[in-house]
Amino acid sequence: MGLVCGPAHADRRVALVIGNSAYKSAPKLGNPANDATLVGGMFKKAGFDSVDVRLDLSASEMRRMLREFAGRTRDADMAVIYYAGHGIELDGNNYLIPTDATLETDGDVLDETIPVERALFAVEPAKQLRLIILDACRDNPFAKTMKRTLASRAIGRGLAKVEPTSPNTMIAFAAKAGSTASDGDSRNSPFAAALVEHLPKPGLDLRKAFGFVRDDVLKVTGYKQEPYVYGSLGGDDVPLVAVKPAATGPQANPQEAVRRDYELALQLATRDAWEAFLAQYPDGFYANLAKGQLNKIGAEETRAAAEQKAKAAEQEKTRLIAERAQKAEQEKAAAAAKAAEEARVAAEKQKQIEQARAEAAEQQRKAAEVAAAKALAEKQAAEKAKAELAAKQAAEKAGQAAKPAADRQLPEIENQKVAALSPGPTSTLSAADLAKSVQSELRRVGCLTASAESEWTPAAQRSLTLFNKYAGTQFDVKLASVDALDALKAKPGRVCPLVCNFGFKADGDQCAKITCGAGYRVGDDNECEKIPEKKPVATREESRRRDTDRKQTEAAPSAPQAAGQMVCGSAGCRPVAKGCRLATTKLNNGVSVTAEVCN
């Protein structure tokens, strides 16, 4: 049994990390890009199957990343989204602000931002845990400058409270609803630093981990910032990183973590990334590769400086010639330009040499990894062959020892064969086979999109609920039954309606791609909409003139006029007084009433 059975497959975990710092219409934020890089590295070290780190995204790029991430969560057990940047609350709803947002009016929030509900929709398909982490409770500069289209419209401070409707869903705020968070004085915010400290601890339940995060942030900020978590989980512990079982097979390569960090630094390709890598791993094979990459960056910087110096010398030479400078000064400027050009050529050659060295070192690294993987595979194959040989020898010895006993039991076997000829009870399906058969039939009639499993999962329960709705049945969705299987088999074709992905629409039993005409595109409601034209930006003089005209109009008293309208009450009806009119207003409880309004 030890040779046949292997360890269970680990749960699939995916993460999307977004950090917006370089805002075009607001001051740049210092920490979100650093925080996103730090948290993304934490998820990679925690062994997540897919970690996508994106920095400084526009509105269209954020929508595309959430759409692609929603596709990856369909076969995932745990889905996490981390966002660092500006956020805004409008009429009790929370929105994430891309880097290209201008938000001149409160109405622009609906067009230029991303609602938090969109992020919840992206993690919805995950089976066990749906986690949203929002480090977006900073003091929002747009709220101070945007114009209100309605004076009663509320724009809150920080973000509003959120209560998820889906089970096993948590939303963690850097600061509780209605308050703002601090960026801190260091490279990373206090909230991000506490997350990296506590979330990846193996076996630590998320609720307890976020409690430790809250305690750390309160201490660092002098009890001014309190992180808060909304949503709920079940009774079982839900750690972000499960406790690894004791190793029974071949041990993992100890250089795996170093290799992952090296590849992350190689993806960033900046001096800060390589210096951080060398600070963590100062010695070894990958440290030498990192030093080569730093030399390559240094050569590029030297080349750029030399090129800039050559351009400055050439400009100085041109200026002296234009001003009819003396011949000696012209010759001196020409010599300086020549020397600068020679320095630039030398720097270019040095850059090419360093680049060739870095490429050769990278090829050497890949060859070393291939050789190490080949050696590990050969070692595992040898151990497997040795175990199979030992098992075969043990089986042969057991067969030789059992042969005399088999000869003695021959009459009993003949009696069992005779007894087997008599009719027995009809066999029934096991619970696992019945669950898998019902899920297969649900998939055939279009009510289940996932693959059939031997367990009765929450996805299967939701699919049977859909079948009850469209087939008019009332089967118990908590378990798979033979009656449900018979009812499903009786349906000749599709029962549940076809649901298509974004950008596609139902066409019979298939999903067809939506094609829009010139000047149109597929909008968020999955329908073709006209591409909006860019609004002309008014100059400062025009805005000042419009404000002056508006103030003069509002200051002038309106002339009383007879409106010709009637107002009715408990005492009867009468004409509206001169200088008055009927208008619809809203009370504090939201009810609209018609009343007489006078100047």
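The values are calculated or read from the model by the stated rules, or taken from the named source; none is laboratory data. The model shown is predicted, which means the values in this text are computed figures rather than measured ones. Counting neighbours? That spans all protein chains shown, and the Cβs are built from the backbone with ideal geometry, glycine included. Remember, those area values only see protein heavy atoms, side chains included, never the ligands or the DNA or RNA. Shrake-Rupley method; radii C 1.70, N 1.55, O 1.52, S 1.80 Å.
Looking at the range 47-145, which GluC sites (Glu not before Pro) are in a loop (DSSP not H, G, I, E or B) and have at most 16 other Cβ atoms within 10 Å?
Here the sparse-neighbourhood loop sites are E104.
Binned at 20 Å from 0, what are the whole-percent values of the Cα-Cα distance distribution for the chain, short to long?
All Cα pairs, binned at 20 Å, distribute as 13, 32, 33, 15, 5, 1, 0 percent.
Does the range 64-106 classify as rounded, prolate or oblate by the C-alpha gyration tensor (a ≥ b ≥ c root eigenvalues; a/c under 1.5 gives rounded; else a/b over b/c gives prolate, otherwise oblate)?
Cα axes put the range 64-106 in the prolate bin.
Take the residue pairs K28/K586; K44/K219; K291/K374 and return only those whose Cα atoms are more than 32 Å apart.
Correct reply: K28/K586.
Would you check the accessible area of D283, probe 1.4 Å, heavy atoms only, in square angstrom rounded to 10?
D283 exposes around 130 Å² with every protein chain in place.
Which of P200, T165, S463 sits closest to the plus end of the dipole of the chain, meaning its Cα is farthest towards the positive end, when Lys and Arg get +1 and Asp and Glu get -1 on the C-beta?
Going by the Cα projections, it comes out as T165.
Of V241, L264, L289, which is farthest along the charge dipole of the range 203-330 in the positive direction, counting Lys and Arg as +1 and Asp and Glu as -1 at C-beta?
In the range 203-330, that residue is L289.
Exposed loop sites here are chymotrypsin sites (Phe, Trp or Tyr not before Pro) in DSSP loop states with at most 14 other C-beta atoms within 10 Å. What is the longest stretch of the chain lacking them?
Formally, the longest exposed-site-free interval is 224-501.
Taking 45 Å as R0, compute the FRET efficiency from the Cβ-Cβ separation of N589 and R63 and round it to 0.05.
With a Förster radius of 45 Å, E is 0.80.
If you place +1 on the Cβ of every Lys and Arg, -1 on the Cβ of every Asp and Glu, and leave all else neutral, what size is the dipole of the range 432-471 about its Cα centre, to the nearest 20 Debye?
Here the size comes out at about 200 debye.
Can you compute the modelled spin-label distance between N93 and D108, with each label point 7 Å from Cα toward Cβ, in nm?
Each label point is offset 7 Å from its Cα along the Cβ direction, giving 1.8 nm.
Calculate, for D52 and D549, the FRET efficiency according to 1/(1 + (r/R0)^6) with r their C-beta to C-beta distance and R0 56 Å; round to the nearest 0.05.
Given R0 = 56 Å and the Cβ-Cβ separation, E is 0.65.
For the chain, which whole percent of the accessible surface, found with a 1.4 angstrom probe, sits on carbon and sulfur atoms?
Carbon-and-sulfur percentage of accessible area, whole number: 53.
If you take the square roots of the eigenvalues of the alpha-carbon gyration tensor of the range 39-124 and sort them as a ≥ b ≥ c, do you get rounded (a/c under 1.5), prolate (a/b over b/c) or oblate?
Verdict is prolate for the range 39-124.
Provide the solvent-accessible area of V162, counting protein heavy atoms only and rolling a 1.4 Å probe, rounded to the nearest 10 Å².
20 Å²
Quick one: length gained pulling A518 to F121 fully straight, 0.36 nm per residue minus the C-alpha distance?
The span from A518 to F121 would gain 139.9 nm if fully extended.
Return one whole number: the accessible area per residue of the chain in Å², for a 1.4 Å probe.
In whole numbers, the chain has 63 Å² accessible per residue.
Ranked from the most accessible area to the least, with a 1.4 Å probe and all protein chains present, what is the order of E529, E354?
Heavy-atom accessible area, descending, gives E529, E354.
Give me the accessible area of C598, 1.4 Å probe, in Å² rounded to the nearest 10.
Answer for C598: close to 80 Å² accessible.
Counting other Cβ atoms within 10 Å of each Cβ, which trypsin sites (Lys or Arg not before Pro) in the range 64-162 have at most 15 and sit in a DSSP loop?
R148, R153, R157, K161
For an R0 of 35 angstrom, estimate the FRET efficiency from the Cβ-Cβ distance between S232 and L429 and round to the nearest 0.05.
0.45
Excluding residues on the same chain fewer than 8 positions from K505, give the lysines whose Cα lies under 19 Å from its Cα.
Filter leaves K513, K530.
Considering only protein heavy atoms, with the full assembly of protein chains and a 1.4 angstrom probe, order C516, C573 by accessible area, largest first.
Descending order: C573, C516.
Loop only per DSSP, at most 11 neighbouring Cβ atoms within 10 Å: give me the GluC sites (Glu not before Pro) in the range 283-333, ordered by residue number.
For GluC sites (Glu not before Pro) across the range 283-333 that sit outside H, G, I, E and B with at most 11 neighbouring Cβ atoms in 10 Å, the list reads E323.
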